[in-house]
Amino acid sequence: MTKHRLGVDEYVAGVRAGDRAVLGRAITLIESRRADDQVLAQAVVAALLPWTGGAHRIGITGVPGVGKSSLIEALGGHLTGLGHRVAVLAVDPSSLRSGGSILGDKTRMQSLARDPRAFVRPTPTLGELGGVARHTRETLLLCEAANYDVVLVETVGVGQSEVMVAQLVDCFVVLMLAGAGDELQGIKRGILELVDVLAITKADGEGVKAARWAQAEYRAALHLMRPRYPAWTPTVLTCSAQTQDGVAALWQAIREHRAALATAGVFSENRARQQVYWMERAIEAGLLERFHADPAVAGEQAAVAAEVRDGRMSPDHAAGRLLALFMRSMGR
């Protein structure tokens, strides 16, 4: 039996009422690649904009095996225990062929997924640059409109994802492991330039000593770098999802970061810059779609690509040729 297709007013009413089923359907609508779904999705997001912007947006990333999901579940449980409503958007690797999600965060965060004050949503990347799904930002806005006051965005931690998530959130948290060799080789300079809070995970049992040593190493490294904001020096702490030690301190550091930026007058400015950043990314995506859909380009692209593969034409020359076709087709 086919589900009734909701209209804009039904989506808005359901999301505002905190109806998890309607919220889930709205997110699925946003992720759809169908043209008619995209038109409806844009209308839904536009109608809900007056109720967005109130959540604390937190990005969380880290090296493989660092225990992101376990720590997010511990942090999410801590927050719901304090009375917060928490949404987790777990940007998930997905198959380029099928679009299927690989990690299954609802399986990894079973306790949090059952919490009535939490909403866990895996977001397939579908091959998007940097591991951040194209519509992650719109999904975040829907969660805010549904009255979730903390939104945690977990990324796959694959380089470019950190750069993009930093443009999506208010606080960027990087999780690291101790005892994995040279600590300062375990994190790239580019990530150190983005981090607001750095947490050494699995600081329990025999790992406590190593975690404290790594904490000192990272503090020293961060003091050698110019901070992102004059008003904030990145915090380095240790924590354990297993024992809950340090989880409350992590949340406190995130709150202190927001307060420091707000006092310095840069919190709202950052969000305004992010709006422009995502507008530019949307323009890029829209132009790329129109480029590939253009009949003149489609008619030549396979032949030009074959010349590039055979080494008879440089990639730059090929791009220029196809772009010239596209511009002529657009009447320029």
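Just the protein heavy atoms count here, and of the accessible area of the chain at 1.4 Å, carbon and sulfur take up 55 percent. Converting phi to 3J(HN,Hα) with the Karplus coefficients 6.51, -1.76 and 1.60 and the offset θ = phi - 60°, the range 234-246 yields x, 8, 10, 9, 10, 7, 9, 5, 5, 9, 6, 4, x Hz in sequence order, with x at every glycine or proline.
Solvent-free Debye calculation, one equal scatterer per alpha-carbon of the range 209-332: log10 I(q)/I(0) at 0.09, 0.18, 0.22 Å⁻¹ equals -0.60, -0.99, -1.31.
If the segment from Glu280 to Ala46 were pulled out straight at 0.36 nm per residue, it would be longer than the present Cα-Cα gap by 82.5 nm. Treating r as the C-beta distance of Arg271 and His223 and R0 as 22 Å, the FRET efficiency rounds to 0.20. Our note on the geometry: Cα centres of the range 256-313 and the range 1-62, 22 Å apart. Taking amide H atoms as placed 1.01 Å from N in the peptide plane, the amide H of Glu154 lies under 5 Å from those of Ile60, Leu89, Ala90, Val91, each 5 or more residues away in sequence or on another chain.
A 1.4 Å probe over all protein chains sorts Ser70, Ser240 by accessible area into Ser70, Ser240, starting with the largest.
Inter-label distance, Ala231 to Ala319: 3.8 nm, where each label sits 7 Å from its Cα along the C-beta direction.
Considering only Ala302, Ala47, Ala285, the Gaussian network model of the chain with Cα springs below 10 Å gives its largest mean-square fluctuation to Ala302. Does the range 216-274 come out rounded, prolate or oblate, given a ≥ b ≥ c as the square roots of the eigenvalues of its C-alpha gyration tensor, rounded meaning a/c under 1.5 and, failing that, prolate meaning a/b above b/c? Taking the square roots of the gyration eigenvalues as a ≥ b ≥ c, the range 216-274 is oblate. Per-residue Karplus couplings for the range 284-291, computed as 6.51 cos²θ - 1.76 cosθ + 1.60 with θ equal to phi - 60°, are listed in order as 4, 5, x, 5, 5, 4, 5, 4 Hz, Gly and Pro entered as x. Here the simple spin-label model places points 7 Å from the Cα toward Cβ, and for Arg212 and Arg20 these points are separated by 4.1 nm. Between Leu288 and Arg5, residue separation times 0.36 nm minus the direct Cα-Cα distance comes to 98.9 nm.
Sequentially through the range 266-273, phi angles give Karplus couplings (6.51, -1.76, 1.60; θ = phi - 60°) of 10, 4, 5, 5, 4, 5, 5, 5 Hz, Gly and Pro residues having no value and appearing as x.
Counting lysine pairs in the chain whose alpha carbons fall under 30 angstrom apart, excluding pairs fewer than 8 residues apart on the same chain, gives 9. With q set to 0.11, 0.15 Å⁻¹, the log10 of I(q)/I(0) for the chain, from the Debye formula over equal scatterers at the Cα positions, is -0.79, -1.25. Under 5 Å between amide hydrogens, built in the peptide plane, is the criterion, and for Val120 it picks out Val88 among residues at least 5 positions away or on other chains. Against the chain, whose longest principal axis comes from its Cα atoms, helix 20-31 is set at around 50 degrees.
Using the Cβ of Ser268 as centre and a radius below 14 Å, the other residues enclosed give a net charge of +2, where K and R count +1 and D and E count -1. Summarising the amide proton neighbourhood of His56: residues at separation of 5 or more, or on other chains, whose placed amide H is nearer than 5 Å comprise Val150, Val151.
Could you check what % of the DSSP bridge pairs in the chain are antiparallel, to the nearest 5? Don't skip to the answer; put the middle values down first.
Working: 2 of 32 bridges.
Once the DSSP bridges in the chain are tallied, antiparallel ones form about 5 percent.
For the range 1-42, place one equal point scatterer on every Cα, skip the solvent, and apply the Debye formula. What is log10 of I(q)/I(0) at q = 0.23, 0.27, 0.33 Å⁻¹? The calculated log intensity ratios at q = 0.23, 0.27, 0.33 Å⁻¹ are -0.76, -0.99, -1.22.
The values are calculated or read from the model by the stated rules, or taken from the named source; none is laboratory data. Nothing here was measured: the structure is a model prediction, and the numbers come from that model. No Cβ is skipped: glycine too gets one built from the backbone with ideal geometry, and neighbour counts run over all protein chains shown. For the accessible areas, the whole protein counts, side chains as well, though only heavy atoms, and no ligand, DNA or RNA atoms are used. Shrake-Rupley method; radii C 1.70, N 1.55, O 1.52, S 1.80 Å.
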